[in-house]
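Q: Dropping the structure in here first, questions after.
None of the figures in this text is laboratory data; all of them are computed from the coordinates on show. In this text the structure is predicted, and so the values were computed from the model without any measurement. Heads up, the Cβs are rebuilt from the backbone with ideal geometry, glycines too, and the neighbour counts pull from every protein chain shown.
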Amino acid sequence: MTIKTRFAPSPTGYLHVGGARTALFSWLHARKHGGRFILRIEDTDLERSTQESVNAILEGMTWLGLEYDEGPFYQTQRFDRYKEVIQQLLAQGDAYYCYCSKEELEQLRNEQMANKEKPRYNGKCRQTANISEGQQPVIRFKNPEQGTVTINDLVKGDIVVANKELDDLIIARSDGTPTYNLTVVVDDMDMGVTHVIRGDDHINNTPRQINILKALGAPLPYYAHLPMILGADGARLSKRHGAVSVMQYRDEGFLPEALLNYLVRLGWSHGDQEIFSIDEMIEYFDLADVNVSASSFNNEKLLWLNHHYMMTKDPAHVARHLSWHMGEQGLDPALGPDLIEVVKALRERCKTLVEMAVASRYFYTEFDHYDEKTAKKNFKPETCDILKKLHDEFSLLEQWEGNPLHQVVLKVAEDLALNLGKVAQPLRIAICGTPVSPPIDVTLALLGREKTLKRIVKAIKFIKNNTDT
């Protein structure tokens, strides 16, 4: 048997964190067993589905690297097939027309709630439809009234539901459009899905879908319902907890590997291991190891992971992702040092790519202002002599490299009988505009001779114009 999993989001918004974890677990299960992973866009909610949301889902999947083997399939392109199955269910007596009005159903619901009963359709049209003139009927599935449905859940274990607890759900609306519980069953059946891995908010739908599959004589897939993701406060993860869109994490400077590593540990574990490569995820992942209880999202842990990957991934890989953030900051990577070298210089002090892009600004563009507090402290009248001597020594330097540059700074400090900080810090502010940068020799090497000398001259002029002589 070829294992087939699917990720089936509704394009009514962005690709959120919970959906991304579902996609990841489905993808890992397929990859581990040499199976196939399907992407299906469940866009039958015509009022809320948008092409913008479809694009956001596809962009998120691409950024995460969750490539799919089949699809994307769109449910709106399969309406003829759904109608065919609905007619089959009608013909074999497993579905029926219901003419009950909204007012009747609302009254029934109110009465049941007043009697503290579970709101459910009472099957009024199940045997004989009361045809109402001008009333367009819905079509309901005739759910078995006796017996039970057992969900052999790979995460939660067996779940048994009595059929009498399930009412006759609508499978086609009055305008003829199919509903979710019908379309998902037909798609899983037609596409040969063997494992349905999804959030546990779908558990109530599963026994209904099993009964429809049985009525169609289709094999039942295995089900695995994943526990929900909570915020740190114990409430269901939402916008108020911060970024919940996958692409928002991209925008905030996270590497896809960091987010994937974090998501795989939300509800799954392999011993005490925290860091997983993609290959390790595929090798170790097992649905039997998915936790039953909900997981809490921790942004600090994600930041820690992101910093780990920025430190340990190939700098060229990090640089490719950094380049996009440079553009977002209005910086052109072609107007400064090699991004790979910038990554090496800044990765220890930066936890996100946004921080790194901001921290590298002075390498790629001129600045108009010096950090006010540190300039006041370090830019004294006597600083001009220090900077002028540095300028003269740098001008004579044949090799613009780390060690020779460091030796120049040491020499100037020795010649002027100053400690190293009294020379290096004014120099750093002069060439960067800020008191924080990589080691001064690394900073100088990355900045280059021309920019360094030009900025030293600029700083000398600034000191002369802004201090008493």
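Q: Taking all pairs of distinct Cα atoms, average 1/r, flip it, and tell me the Kirkwood hydrodynamic radius of segment 282-406 in Å to one decimal place. Don't skip to the end; give the middle numbers.
A: Working: mean 1/r = 0.0544 Å⁻¹.
Evaluated over segment 282-406, this radius sits at 18.4 Å.
Q: Now for a separate question. Quick check for me: using +1 on Lys/Arg Cβ and -1 on Asp/Glu Cβ, what's the dipole size of the chain about its Cα centre, in debye to the nearest 20?
A: Details: 55 positive and 64 negative charges, 146 e Å.
So the dipole magnitude of the chain works out to roughly 700 debye.
Q: For Asn205 and Asn163 in the same chain, what is the full-extension length gain: residue separation times 0.36 nm, less their Cα-Cα distance, in nm?
A: Details: separation 42, 0.36 × 42 = 15.12 nm, distance 1.26 nm.
Extra length from Asn205 to Asn163 when fully extended: 13.9 nm.
Q: What residues of segment 102-124 lie in the reach of a label at Glu47, counting those whose backbone N is under 17 Å from a point 7 Å from the Cα along Cα→Cβ?
A: Hits in segment 102-124 for Glu47 at 17 Å: 102-103, 106.
Q: Hey, got a sec? Which GluC sites (Glu not before Pro) in segment 91-191 land in a DSSP loop and have at most 16 other Cβ atoms within 10 Å? Intermediate results must be reported in sequence, preceding the final value.
A: Details: sites: Glu103, Glu104, Glu106, Glu111, Glu117, Glu133, Glu145, Glu165; in loops: Glu117, Glu133, Glu145.
Qualifying residues, ordered by number: Glu117, Glu133, Glu145.
Q: How would you rank 399-410, 436-447, highest first, on the average number of other Cβ atoms within 10 Å across their residues? Please list the in-between numbers first.
A: Details: 399-410: 15.4, 436-447: 20.2.
Result, highest mean first: 436-447, 399-410.
Q: Right, next: Can you tell me the Rg and the Dmax, both Å, for the Cα atoms in segment 428-469?
A: So, for segment 428-469, Rg and Dmax equal 11.2, 33 Å respectively.
Q: If you build the convex hull over the alpha carbons only and average its shadow over all orientations, what do you get for segment 264-311? Give it in nm² to one decimal. Walk me through the numbers before you get to the answer.
A: Values: hull surface 15.0 nm².
Reported value for the Cα convex hull: 3.7 nm².
Q: Provide the descending list of Cα extents for the chain along its principal axes, expressed in whole angstroms.
A: Answer, in whole Å and largest first: 104, 46, 40 Å.
Q: Oh, and also: Report the relative contact order of the chain, percent, no decimals, based on alpha-carbon pairs under 8 angstrom and at least 6 residues apart.
A: Worked out over the chain, it gives 12 percent.
Q: If you don't mind, another one. Please state, rounded to one decimal and in Å, the Kirkwood hydrodynamic radius that segment 344-456 gives when every pair of distinct Cα atoms enters the mean of 1/r. Each step should come with its number before you reach the end.
A: Details: mean 1/r = 0.0695 Å⁻¹.
Evaluated over segment 344-456, this radius sits at 14.4 Å.
Q: Sticking with this structure for a sec: If packing is taken as the average count of other Cβ atoms within 10 Å, what order do 421-432, 63-74 fall into, highest mean first? Working shown, then result.
A: Working: 421-432: 22.0, 63-74: 16.5.
Highest to lowest by the protection proxy: 421-432, 63-74.
Q: Now for a separate question. Under 17 Å from the 7 Å Cα→Cβ point of Asn466, by amide nitrogen: which residues of segment 330-369?
A: Hits in segment 330-369 for Asn466 at 17 Å: 362, 366-369.
Q: Cα centroids of segment 266-302 and segment 2-18: how far apart, whole angstrom?
A: Using only Cα atoms to place each centre, the spacing works out to 19 Å.
Q: Restricted to Cα positions, what overall size does segment 178-323 have along the principal axes? Three whole-Å values, descending.
A: For segment 178-323, the Cα spread along each principal axis is 55, 33, 33 Å.
Q: Give me the Kirkwood hydrodynamic radius of segment 36-160 in Å, from all C-alpha pairs, to one decimal place? Display every interim value, and only then the final one.
A: Working: mean 1/r = 0.0532 Å⁻¹.
Computed over Cα pairs of segment 36-160, the Kirkwood hydrodynamic radius comes out at 18.8 Å.
Q: With the Cα gyration tensor of segment 389-443 giving a ≥ b ≥ c as the square roots of its eigenvalues, does the rule (a/c under 1.5 for rounded; else a/b larger than b/c for prolate; else oblate) give rounded, prolate or oblate?
A: On the way: a/c = 1.65, a/b = 1.13, b/c = 1.46.
Because a/c hits 1.5 or more and a/b fails to exceed b/c, segment 389-443 counts as oblate.
Q: Distance between Cα centroids, segment 381-432 to segment 172-207: provide it in whole Å.
A: Centre-to-centre (Cα) distance: 70 Å.
Q: What does the charge count around Pro9 come to, taking other residues whose C-beta lies under 14 Å from its C-beta (Lys +1, Arg +1, Asp -1, Glu -1)? Don't skip to the end; give the middle numbers.
A: Values: positive: Arg6, Arg21, Arg40, Arg48, Arg198; negative: Glu42, Asp43, Asp45, Glu52, Glu59, Asp187, Asp201.
Summing Lys/Arg as +1 and Asp/Glu as -1 gives -2.
Q: Sticking with this structure for a sec: Quote the FRET efficiency, to the nearest 0.05, computed for Ser238 versus Lys376 with a Förster distance R0 of 51 Å and r equal to the Cβ-Cβ distance.
A: Working: r = 45 Å, r/R0 = 0.88.
The pair Ser238/Lys376 has a calculated efficiency of 0.70.
Q: Let me ask another. With r as the distance between the Cβ atoms of Asp332 and Gln425 and R0 = 35 Å, compute the FRET efficiency 1/(1 + (r/R0)^6) and round to 0.05. Please list the in-between numbers first.
A: Values: r = 29 Å, r/R0 = 0.82.
Calculated value: 0.75.
Q: OK, next. Tally Lys and Arg at +1 and Asp and Glu at -1 over the other residues with C-beta under 13 Å from the C-beta of Tyr370: what net charge comes out?
A: Numbers: positive: Lys373, Lys376, Lys377, Arg428, Arg455, Lys458, Lys461; negative: Glu366, Asp368, Asp371, Glu372.
Value of the local net charge: +3.
Q: Right, something else. 222 nm [θ] for the chain, helices only, -39500 (n - 2.57) per DSSP H run of 4+, per residue, to 500? The partial results should precede the final answer.
A: Working: 20 runs with 220 residues, N = 469.
Using -39500 (n - 2.57) per qualifying helix, the result is -14000 deg cm²/dmol.
Q: Could you list Met310, Met356 so that the one with the fewest beta carbons within 10 Å of its beta carbon is first and the one with the most is last?
A: Values: Met310 28, Met356 25.
If I rank by nearby Cβ atoms, fewest first, I get Met356, Met310.
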